[in-house]
Amino acid sequence: MLEKLTERLNGWFIQADERSRGALGVLSSTVKRLGLVRAPEAAASLAYYALFTLFPLLILVVAVGTSYLRSDVVYGAVAEALHGVFPVVGEELIRNNLETLMQRRTSVGVFGLVALIWAASSFFAVLVQHINLAFPAARPGNVIRHRLFALLIVLLVLLLFMASLILSGITSVFRSAQVFSLLPTETVWKTVSVVGPWVLSFLMFAALYRWAPTHMASWQATVVGALCAVFAWQLAAMLFGWFVSSGISNYELVYGSLAALMGLLVWIYVSCYIVLLGAHLAGSVDVRVRRR
């Protein structure tokens with residue numbers, strides 16, 4: 001009786017998979033692989049590394065930025081970037097540490113800069129390792145490759161931050177000179193502020209899923225995984241922000257002075273799980289594409 005029921009269910013699943021053009025099979029494979037690699041525990045370990053990597057990365061960005069620009073400009077740029085990445089409960093904690101850092105900052109030597117870069121790359125090295133596991137065709141990577149890729153990510157973060165500061169300065173000059181006086185600047189900037197985070201998030205996820213594994217995934221798999229991660233991350237950010245601001249969650253009652261830290265840790269955990277979800281979805285799509 002049980003065998004007949006199993007066969008019938010398998011038949012229904014195969015038919016449904018064919019009607020969905022393989023989408024149902026891809027989702028099933030993604031869920032299975034997330035269970036095999038124990039994704040919740042992997043996301044927890046990533047959150048642990050991210051928490052210890054966040055502040056060295058913040059110090060590195062401030063140290064490099066204040067070497068060329070005024071401290072108030074650097075503070076404003078970092079605070080604006082944090083607003084788009086972390087929820088309110090975590091943003092306040094990071095902002096307080098950022099203000100303390102700006103007040104007590106000192107010059108950083110070459111060895112200190114190297115140490116900060118190395119510490120800031122720890123999370124990304126572990127992240128690359130877990131993304132590589134999401135692709136069945138990828139061979140096991142070595143520690144050196146993971147670390148080199150992580151160092152490259154840190155350097156790219158610094159370059160993007162400096163580029164954003166330069167672009168912001170150029171835009172301010174053009175605004176003061178009224179170069180854009182004949183253009184609908186408010187509409188343009190509102191559109192950029194809404195669409196920009198989505199585009200940057202998509203490019204970030206696509207780059208990770210395409211080049212982080214030792215096996216280069218197909219573009220179709222990369223796009224599908226990146227789109228899933230972007231939409232899931234934006235939706236999670238809205239829901240988490242509403243959850244924290246609604247008063248339903250009372251972290252202060254349970255954790256006291258550690259409430260902000262716990263809220264930040266929960267958000268980092270959710271973000272890491274979404275990154276792994278997108279990676280395993282991309283891996284499942286890649287297997288499906290290469291079987292055709």
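The values are calculated or read from the model by the stated rules, or taken from the named source; none is laboratory data. Here the structure is a predicted model, which means the values were calculated and not measured. Here Cβ is always computed from backbone atoms with ideal geometry, including for glycine, and neighbour counts include all displayed protein chains.
To keep it simple, each residue is scored yes or no on (1) surrounded by 15 or more Cβ atoms within 10 Å (Cβ to Cβ); (2) under 22 Å from the mean Cα position of the chain (by Cα); (3) assigned to a helix (DSSP H, G or I).
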residue: A44; (1), (2), (3): yes, yes, yes
residue: F52; (1), (2), (3): no, yes, yes
residue: P56; (1), (2), (3): yes, yes, yes
residue: A63; (1), (2), (3): yes, no, yes
residue: V73; (1), (2), (3): yes, no, yes
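With under 15 Å from V62 (Cα atoms) and at pLDDT 85 or above as the only criterion, which of V114, V154, V108, V126 stands out?
V154
If A221 meets every condition in (1) crowded, with 16+ Cβ neighbours inside 10 Å; (2) modelled with pLDDT under 80 apart from one, which number is that one?
Looking at each condition in turn, A221 falls short on (2).
Polar (S, T, N, Q), modelled with pLDDT of 70 or more and surrounded by 14 or more Cβ atoms within 10 Å (Cβ to Cβ), is that true of N132?
yes
Please find, within the stretch 275-292, the residue that is nearest to the chain's Cα centre (by Cα) out of those that are part of a helix (DSSP H, G or I) and surrounded by fewer than 22 Cβ atoms within 10 Å (Cβ to Cβ).
Out of the qualifying residues, it is L277.
Somewhere in the stretch 198-205, is a residue crowded, with 22+ Cβ neighbours inside 10 Å and assigned to a helix (DSSP H, G or I)?
Yes, the stretch 198-205 has at least one match.
Where the second residue is of a type in the set (F, W, Y) and at pLDDT below 75 and the first is at positive phi and lies in the stretch 55-80, which pairs have Cβ atoms under 9 Å and are six or more apart or on separate chains?
Note: no pairs meet the criteria.
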